[in-house]
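Quick note: the coordinates plus some simple rules give every number you see, no bench work behind them. If you're wondering where the values come from, they're calculated on a predicted model, not measured in any experiment. Quick reminder, even Gly has a Cβ in these numbers, built from the backbone with ideal geometry, and neighbours come from all protein chains shown.
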Amino acid sequence: MTHQTLNKKAVSLTALVFWSFAVVLISAISTNIFSETSLNDNLAIGFMVVALIGLVISAASILIQSVLDICNP
């Protein structure tokens, strides 16, 4: 019986960080919409700002890495 190796696909850390920030942003938006106290609103707005900054940096990193992969094969 022969041993077969499975195709292993590596998950990019930058893509994982990007989607994590996207989940945090969506969670903060829903918290802000459904919260009833001022503290929750302020915390949600703070998390939204952090998530947006993280999304922009992650997207820029993914874009730069894609350009470098295309230009330098």
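Summary table below
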{"item": "Whichever residue in segment 49-73 is farther than 22 Å from residue 29 by Cβ and of a type outside the set (A, V, I, L, M, F, W, C) and, among such residues, is surrounded by the fewest Cβ atoms within 10 Å (Cβ to Cβ)", "result": "73"}
{"item": "Residues of segment 14-41 classified as surrounded by 15 or more Cβ atoms within 10 Å (Cβ to Cβ) and over 13 Å from residue 55 (Cβ atoms), total", "result": "2"}
{"item": "Scope segment 32-60; condition among the polar types (S, T, N, Q) and in contact with a Phe, Trp or Tyr (Cβ under 8 Å, 6 or more places away or on another chain); matching residues", "result": "58"}
{"item": "Members of segment 34-73 that are of a type in the set (S, T, N, Q) and more than 19 Å from the chain's Cα centre (by Cα)", "result": "35, 37, 38, 40, 42, 72"}
